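A short worksheet on the structure shown next.
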Amino acid sequence: MKQDSKTEITSGSAPPNGGQAAPSGKEFARGSRVAADAKESGRRPAHKSYRRPYSQKKKMCRLCGERIKHVDYKQVQIVRTFCTETGKILPRRITGLCAGHQRQITRAVKINRNLSIMQYAG
């Protein structure tokens, strides 16, 4: 009994291309199986440069941008822009000031309160 070579290959457990499974187009579409798995599962891509779609730009210090080196208590218009209507000093995370200018604004507000140019919070 002589067997045909075609039936021997297809009926055996090994694949016909020398022990390797045939790659499907879905597995190697982007170069690796990991990328295909991430695409199928709906996960975000794993690159370092991934950014959130609605991220805000980093706030820049307005006073540094206008090249103001020193804030004096006599510059009442500048000082009032960094305070609320009730007289509270706005924090850095809201105003976007650098640490040095925030300290100068705080010092100027306290001097203006003491001189009754600005009101105390409350």
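The values are calculated or read from the model by the stated rules, or taken from the named source; none is laboratory data. Everything numeric here is computed off the predicted structure, so don't read it as measured data. Quick reminder, even Gly has a Cβ in these numbers, built from the backbone with ideal geometry, and neighbours come from all protein chains shown.
Brief remarks follow.
- Within region 56-99, the set of residues being touching a residue at least 40 places away in the same chain (Cβ under 8 Å) and closer than 18 Å to Lys110 by Cα comprises Tyr73, Val76.
- Considering residues of region 52-74 that are assigned to a loop (DSSP other than H, G, I, E, B) and of a type in the set (A, V, I, L, M) only, the residue surrounded by the fewest Cβ atoms within 10 Å (Cβ to Cβ): Met60
- Condition met for Ala99 (within 18 Å of Arg67 (Cβ to Cβ) and of a type in the set (A, V, I, L, M)): yes
Residue-by-condition table, conditions (1) small (Gly, Ala, Ser); (2) at pLDDT 95 or above:
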position: Ile68; (1), (2): no, no
position: Gly87; (1), (2): yes, no
position: Ile94; (1), (2): no, no
position: Gln102; (1), (2): no, yes
